[in-house]
Amino acid sequence: MPDRSLPSNTRRLLGTGLLLALVMLLAGCAGARREPVPIDLALPAEHRGATSSEALRNGAELPWWKAWRDPALVRLIGLALERNRDMQIAVARIEETRALIGPTLYAELPRLSVGADIGRERQPQNYRFVLPEGASRDLRLYGTSINASYELDLWGRLRSLEAAVRADYLASRFARETVAITLVGDVAQAYFDILAARQQLALTRSTLDSRRGFLDLTRRRFDGGRASAVEVARAEGALLGVQARIPGLEQQLAQLENRLALLVGAGAGDAGALVPVDARLPAPPEVPAGLPSSLLERRPDLLAAQQELEAASFRSAAQRAALLPTISLTASLGLQSRSLGDLLSGSATTYALGAGILQPLIDASRNKFLAQAQEARERQALVRYQRAAEQALREVSDSLIARSRQAELGDTLAAQAKALARAATLAQVRFEAGLAAYFEVLDAQTELLAVQLAENDARRALLAASVGLYKSLGGGWDPAAFAAGGQATPPVAGAPTGAAAAR
């Protein structure tokens, strides 16, 4: 039996190669380890501008937009959530990211392929096998094979990529919730803007009718010699000044109705009929005392930013794993023959088994730079997350302060409007009795209209601040929790939590 042992120099070469591979493997492991980027997000105990009232008496139950207790608004929001184009895009984005999980799962499984080939080649005359005299140098080969390969994911590269895609999927689901909350807020704001614009138009038209009556009265007094031509001209100018406001107000109202129609996915022809004629600005919901900053933790945009940070972290881990050797197993089973008729014979069977370890050398520097770039993206994702949290804190505080100040302003303007209404009535009585000039009546009415419009705008701004507060808190709060003295934060409707989030 011939000696099958390897020559000593071959054994030394193999030993040196294995030792070098082991050194590179250990060096790669040491270079791939890195501490994760810490998340340091300090939240205050309560929001600036929070009130000190005792209880939540008229709080919002989920869904939160029912807090205004307006059936027309609830119906419009339902239409928007169903028809809005941005919502449809967000849903399609979820389907896209969910589908991308599949390829990452298959990447962790063995790769199987089936092939068949036919080829023709010419052997050189000075080939290592001497061809018989007159034999053809042309060679035709037929073959078929089943091939398998499997990458051993020892460093977690494939698992990290799968985790990153799953984080992208969760981020897209939270992004949809962000779109939904923004859409609900925009619909509510557009609805309130329309009601405020209608009230502004109604006040202006009412003042216009009053100015027409006073103009007729002033003309009759002029004909009777009890008013001057200046008073008539002044009355005409006041009438035209109010009348000039109406086209702009009608244009503003039509544009607001068109905006609402776009939000709810309705045709432009139905824009004016979306809001009932008898609808009025509702009372804003009360805000409980001591809203905790922990409510921000359920904001879907923050949760989406957190998932984006996790995805970036997983991709950093995958890129660092690319610095390590790749270990793979391969196998092939097939048939090969020079004759198509002999392809299925037992003598045509071929197979191959192998294992390989590949440590990048020239590509090592390239992969190192790619890993550094991905780590920079991870840090960017962290800063975006921190910035989103800080922005959320500012939005809540701004909404609380605006709500408080607009409520105070509205009460003051309402009291002022009552006083000026009495003054306008008295000026009219004095004018009709001939005790005062029309200028006194005109000034009183002008001042009353300005205050009434300001009061109407303050009510609209108060509702806008309430909408902003609900949006900034990720959908309001749990009234039962505050009534019981707790601080429970129920999940956003439809947001992935718990086992659902894991799936």
> Before we move on, is TYR169 over 30 Å from LEU309 (Cβ atoms) and within 24 Å of the chain's Cα centre (by Cα)?
Replying inline: no
>> Can you tell me how many residues within segment 146-172 are outside the structural domain of GLN306 (by TED's automatic domain parsing) and farther than 20 Å from LEU358 by Cα?
In response: 1
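Per-residue answers, yes or no, for (1) loosely packed, with under 12 Cβ neighbours inside 10 Å; (2) at pLDDT below 90; (3) in contact with a strand residue (DSSP E or B) (Cβ under 7 Å, 6 or more places away or on another chain):
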| site | (1), (2), (3) |
| --- | --- |
| GLN125 | yes, yes, no |
| TYR142 | no, yes, yes |
| LEU154 | no, yes, yes |
| GLU162 | no, no, no |
> Here are GLN391, GLN386, GLN445: which of them is over 16 Å from SER210 (Cα atoms), assigned to a helix (DSSP H, G or I) and touching a residue at least 12 places away in the same chain (Cβ under 8 Å)?
Replying inline: GLN386
> Among (1) surrounded by fewer than 19 Cβ atoms within 10 Å (Cβ to Cβ); (2) in contact with an Asp or Glu (Cβ under 6 Å, 6 or more places away or on another chain), which single condition is ALA381 missing?
Replying inline: (1)
> Is there a residue in segment 363-383 that is at pLDDT 85 or above and farther than 30 Å from ASP153 by Cβ?
Replying inline: yes
> For segment 217-241, what are the residues that are surrounded by 15 or more Cβ atoms within 10 Å (Cβ to Cβ), in contact (Cβ under 8 Å) with a residue 40 or more places away in the chain and of a type outside the set (Ser, Thr, Tyr)?
Replying inline: LEU217, ALA227, GLU231, ARG234, ALA235, ALA238
>> Being among the charged types (D, E, K, R) and closer than 28 Å to LEU323 by Cβ is true for just one of ASP216, ASP168. Which residue is that?
In response: ASP168
>> Looking only at residues that are among the hydrophobic types (A, V, I, L, M, F, W, C) and not in a helix (DSSP H, G or I) in segment 143-194, which one is farthest from GLY468 (Cα to Cα)?
In response: ILE146
>> If I filter segment 177-234 down to residues being among the small types (Gly, Ala, Ser) and within 18 Å of ALA427 (Cβ to Cβ), which single residue comes out as modelled with the highest pLDDT?
In response: SER206
> Within segment 174-216, how many residues turn out to be more than 29 Å from the chain's Cα centre (by Cα) and either of a type in the set (Phe, Trp, Tyr) or not assigned by TED's automatic domain parsing to the domain that holds TYR438 (or both)?
Replying inline: 1
> Are any residues in segment 428-442 part of a helix (DSSP H, G or I), modelled with pLDDT under 80 and out of contact with any Leu (no Cβ under 9 Å at 6 or more places or on another chain), and if so, which ones?
Replying inline: PHE439
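The values are calculated or read from the model by the stated rules, or taken from the named source; none is laboratory data. Everything numeric here is computed off the predicted structure, so don't read it as measured data. As a convention, Cβ positions derive from the backbone with ideal geometry for all residues, glycine included, and neighbour counts pool all protein chains shown.
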